[in-house]
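To start, the structure under review is shown below, and the notes come after it.
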Amino acid sequence: MENSGHQLRCTGCARVIEQRELKEDFRCAECGDLYEVVYPSWSAGMAEIRKPNASALRWLWKERCCSNAEADQSGVWRFREMLHILRDEANIVSLREGNTPLYQLRRVAESTGIEQLFAKHQGMNPTGSFKDTGMTAALSVAHELGFDWVACASTGNTSAAMAAYAARAGMRSLVLIPEGKIAWGKLSQAMDYGALTLQLRTDFDGCVRVLSEVVKRAPVYLLNSVNPYRLEGQKTPALEIAEAFDWDVPDHLIVPGGNLANSSALGKAFLEMKHLGLVTKLPKISVIQAEGANPLYLSLSESGGERLQPVAAQTRASAIRIGNPASWKKAVRVIQQTGGYCEQVSEAEIALAKAEIGAEGIGCEPASAVTLAGLKKLLQQGKVQPSQQVVLLLTGHTLKDSDYTIAYHRGDLLTADEIEGLRPEIEITRRNAVELDASVDEVLKELERAAVR
Ligand code: F0G
């Protein structure tokens, strides 16, 4: 098929273009804003000539779970009617991403005072983060367009995902990361998968600035989330959530906010599902940021999301240490269209929430834990009711940043000032490793001590 059936619409000036007209930096030539993928045959605001049948789609997507075909086994590509971005399915580069578990968090629900709490664990993807769902989509496009090199600036997870998918496709990858500011697990992945890894003496926002110039001067395909195809893949967890709730969506979905592509993608998915009649209502989508990396929170509280002032970002949740988020306008729209909220949480609140998710046998990386910390605040403020169904989107695997976890349990992570106010809760969750002589009695003594704790 010559045409894959999609176009691109500028989210600023609404100009619609073809794929071949996209610039290297994916910004609109007229107004500089970002594009979103639209489907002329069914997207809202387009001609709507062949809107697909919702029941048939639901059946088809479920049916594909029993197929042995590579595209059907992917939790992204089994929903391919919603991401018609390739001319030829043979160009799909997949690691069997998606189809991630939805866990019920019973103990956390009880202690938080909510009846039904779930975690959609995107850390259970092949490279350990939600980025795989977007990467299979955008890297397949790069492969189809014939690029040899792909590139991204990253706080670690995008680079790990990009390096893995590029390697699968036999392509080369260029990673720009802020020196000393990403978790070791993620850095090791980029190396393991064979990327050219450059650690720049700057922060994530600085890496983005450098890369946006590099892509104009070298034939490399940009895979940061300004690339609208990334967001098409990142829509699919929303489809999985709707499917898991029998197409009756939960009341609330809570997502961490960094560069703000993920909240945008999930919002796009739910809006599209409603437009197609796959669901009848929308969940509220709320975005949670770390207090030290809170430009969206400030934008919404100070100007109702009209303007965003970049901040010098600082948080130990290094994945979301981002001061100038690219997709902030898209995220503002999603929060407003779904009736969600934006909150900020402290370093101690993040660390405690992460320990609580860990103690449930699930675990996640620090950036993911902002969702639980944010839920507690939304409950206190009466923005979430205890009777509502809430889904936390956990974005990364606990092994991504084990240094953080070990420091927390050793008591080395937080300063005395940061802990103030949460000390008893934090002390109860700490489980430091105990060093002993190789003695049966010593082990039994520890066992007794732990039993009464
Ligand atoms: N959680 C994790 C684990 C992340 O890695 C990121 C972003 C986010 C949340 C925030 O998602 O940017 O879509 O709002 N990580 C990027 C990276 C920036 O380079 O890996 P977002």
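The values are calculated or read from the model by the stated rules, or taken from the named source; none is laboratory data. Just so we're clear, the structure is a prediction, and the values are computed from it rather than from any experiment. Cβ coordinates were reconstructed from backbone atoms using ideal geometry, including for glycine residues, and neighbour counts include every protein chain displayed. To get the accessible areas, we keep the full protein, side chains included, count just its heavy atoms, and leave off ligands, DNA and RNA. Shrake-Rupley method; radii C 1.70, N 1.55, O 1.52, S 1.80 Å.
Starting with the highest mean, order 203-210, 362-369 by the number of other Cβ atoms within 10 Å, averaged over the residues of each peptide. Mind dumping the intermediate values first?
Numbers: 203-210: 20.0, 362-369: 27.9.
With the highest mean Cβ count within 10 Å placed first, the list reads 362-369, 203-210.
Considering the dipole of the chain built from charges on the beta carbon (Lys and Arg +1, Asp and Glu -1) around the Cα centre, which of Leu399, Leu60, Leu296 is farthest to its positive end?
With unit charges placed on the Cβ atoms, the residue in question is Leu60.
What do you get when you divide the Cα radius of gyration of the range 344-393 by 2.2 N^0.38 Å, with N the number of residues? Walk me through the numbers on the way to the answer.
Values: Rg = 10.7 Å, N = 50, 2.2 N^0.38 = 9.7 Å.
Expressed relative to 2.2 N^0.38 Å, the Cα Rg reads 1.10.
Using Cα positions and a limit of under 26 Å, work out the lysines in reach of Lys186, with same-chain residues fewer than 8 apart set aside.
Of all the lysines, those that pass the test against Lys186 - Cα under 26 Å, at least 8 places apart if same chain - are Lys120, Lys131, Lys235, Lys354, Lys400.
Once both labels are modelled 7 Å past Cα along the beta-carbon direction, what's the Gln309-Glu418 spacing in nm?
2.5
May I ask you to compute the full-extension gain from Arg58 to Glu446, defined as 0.36 nm times their residue separation minus their alpha-carbon distance, rounded to one decimal in nm? Intermediate results must be reported in sequence, preceding the final value.
On the way: separation 388, 0.36 × 388 = 139.68 nm, distance 5.32 nm.
Gain on stretching Arg58 to Glu446: 134.4 nm.
Using every alpha carbon pair in the range 198-323, what percent of pairs falls into each 10 Å bin from 0 up to the bin containing the largest distance?
12, 34, 33, 18, 4
Over the chain, average the accessible area per residue using a 1.4 Å probe and give it in Å², no decimals. Walk me through the intermediate numbers first.
On the way: 19070 Å² over 453 residues.
So the chain comes to 42 Å² accessible per residue, rounded to a whole number.
Of all beta bridges DSSP finds with both residues in the chain, what is the antiparallel percent, to the nearest 5? List each step's numbers first, then the result.
Values: 11 of 42 bridges.
Antiparallel bridges make up about 25 percent of those DSSP assigns within the chain.
Which shape class, rounded, prolate or oblate, goes with the range 73-220 when its Cα gyration tensor gives a ≥ b ≥ c as root eigenvalues, a/c under 1.5 marks rounded, and past that a/b bigger than b/c marks prolate? Let's see the in-between values first.
Working: a/c = 2.36, a/b = 1.31, b/c = 1.80.
Oblate.
Across the range 224-233, in residue order, what do the Karplus-derived ³J(HN,Hα) couplings come to in whole Hz, using 6.51 cos²θ - 1.76 cosθ + 1.60 with θ = phi - 60° and x for Gly and Pro?
6, 7, 5, 5, x, 6, 4, 5, 5, x
Taking each pair of distinct Cα atoms in the range 88-132 once, what is the resulting Kirkwood hydrodynamic radius in Å?
When all Cα pairs of the range 88-132 are included, the Kirkwood radius is 12.5 Å.
Using only Cα atoms, find the angle between the long axis of helix 261-276 and the longest principal axis of the chain, and express it within 0 to 90 degrees, rounded to the nearest 10.
Result, in degrees: 60.
Ser299: net charge of surrounding residues, Cβ under 9 Å, Lys/Arg +1, Asp/Glu -1, itself excluded? Don't skip to the end; give the middle numbers.
On the way: positive: Arg307; negative: Glu302, Glu306.
Spelling it out: positives minus negatives among the neighbours equals -1.
Quote the FRET efficiency, to the nearest 0.05, computed for Asp33 versus Arg217 with a Förster distance R0 of 25 Å and r equal to the Cβ-Cβ distance. Mind showing how you got there, number by number?
Values: r = 23 Å, r/R0 = 0.91.
E(calc), rounded to 0.05, equals 0.65.
For the range 243-308, what is the charge dipole size about the Cα centre, in debye to the nearest 20, if Lys and Arg each add +1 at the Cβ and Asp and Glu each add -1 at the Cβ? Please report the intermediate quantities before stating the final value.
On the way: 5 positive and 8 negative charges, 33 e Å.
Rounded to the nearest 20 debye, it is 160 debye.
What does the C-alpha gyration tensor say about the overall shape of the chain? Classify as rounded when a/c is under 1.5, otherwise prolate if a/b is larger than b/c, or oblate. Write out the running numbers ahead of the final one.
On the way: a/c = 1.59, a/b = 1.42, b/c = 1.12.
Prolate.
I'd like the Karplus ³J(HN,Hα) series for the range 179-184: coefficients 6.51, -1.76, 1.60, θ = phi - 60°, whole numbers in Hz, and an x wherever there's a Gly or Pro.
Computed from phi, the couplings for the range 179-184 are 4, x, 10, 10, 5, 4 Hz.
What is the range 174-307's relative contact order, in percent, from Cα pairs under 8 angstrom and six or more apart in sequence?
Details: 133 pairs, mean separation 23.8, N = 134.
Result for the range 174-307 is 18 percent.
Just want the answer: with Cβ charges of +1 for Lys and Arg and -1 for Asp and Glu, which residue in Ile322, Val452, Leu414 is farthest toward the dipole's positive end in the chain?
Ile322
At q = 0.25, 0.28 Å⁻¹, work out log10 I(q)/I(0) for the range 163-230 with the Debye formula, treating every Cα as an identical point scatterer and leaving solvent out; two decimals please.
Normalising to I(0) and taking log10 leaves -1.31, -1.40.
Going by average Cβ neighbours within 10 Å, how do the peptides 36-47, 327-338 rank, with the highest at the top? Let's see the in-between values first.
On the way: 36-47: 16.3, 327-338: 21.7.
Per-residue mean Cβ counts within 10 Å order the peptides as 327-338, 36-47.
With charges only on Cβ, +1 for K and R and -1 for D and E, what is the dipole size of the range 367-453 about its Cα centre, in debye, rounded to 20? Please report the intermediate quantities before stating the final value.
Values: 11 positive and 14 negative charges, 133 e Å.
Roughly 640 debye for the range 367-453.
Based on the mean of other Cβ atoms within 10 Å per residue, sort peptides 125-134, 414-423, 9-18, 72-81 so the most packed one is first. Mind showing how you got there, number by number?
Working: 125-134: 28.2, 414-423: 13.1, 9-18: 14.9, 72-81: 22.0.
For the peptides 125-134, 414-423, 9-18, 72-81, the packing ranking is 125-134, 72-81, 9-18, 414-423.
By its C-alpha gyration tensor, with a ≥ b ≥ c as the square roots of the eigenvalues, how is the range 347-430 shaped: rounded for a/c under 1.5, else prolate for a/b larger than b/c, else oblate? Before the final figure, lay out each step's value.
On the way: a/c = 2.21, a/b = 1.32, b/c = 1.68.
The shape class here is oblate.
Evaluate the charge dipole of the range 326-368 about its Cα centre and quote only its size in Debye, nearest 20, assuming +1 on the Cβ of each Lys and Arg and -1 on the Cβ of each Asp and Glu.
Details: 4 positive and 6 negative charges, 90 e Å.
Here the range 326-368 has a charge dipole of around 440 debye.
Just going by the charge dipole of the range 80-132, with Lys and Arg at +1 and Asp and Glu at -1 on Cβ, which of Ala109, Asn91, Ser129 is farthest out on the positive end?
Ala109
Using a 1.4 Å probe on the protein heavy atoms, what percent of the accessible area of the chain belongs to carbon and sulfur? Show your work: numbers first, answer last.
Working: 9170 of 19070 Å².
Ligands and nucleic acids excluded, carbon and sulfur reach 48 percent.
So if I take the centroid of the Cα atoms in the range 25-83 and the same for the range 109-150, what is the distance between those two points in Å?
So the separation of the two Cα centres works out to 16 Å.
Taking the chain as a whole, which cysteines find no other cysteine Cβ under 4.7 angstrom from their Cβ?
That list is Cys65, Cys66, Cys152, Cys207, Cys342, Cys364.
With r as the distance between the Cβ atoms of Ser188 and Arg410 and R0 = 22 Å, compute the FRET efficiency 1/(1 + (r/R0)^6) and round to 0.05.
Values: r = 22 Å, r/R0 = 0.99.
So the FRET efficiency works out to roughly 0.50.
Any idea how far the Cα center of the range 192-248 sits from the one of the range 377-453, in Å?
Comparing the Cα centres of the range 192-248 and the range 377-453, I get a distance of 31 Å.
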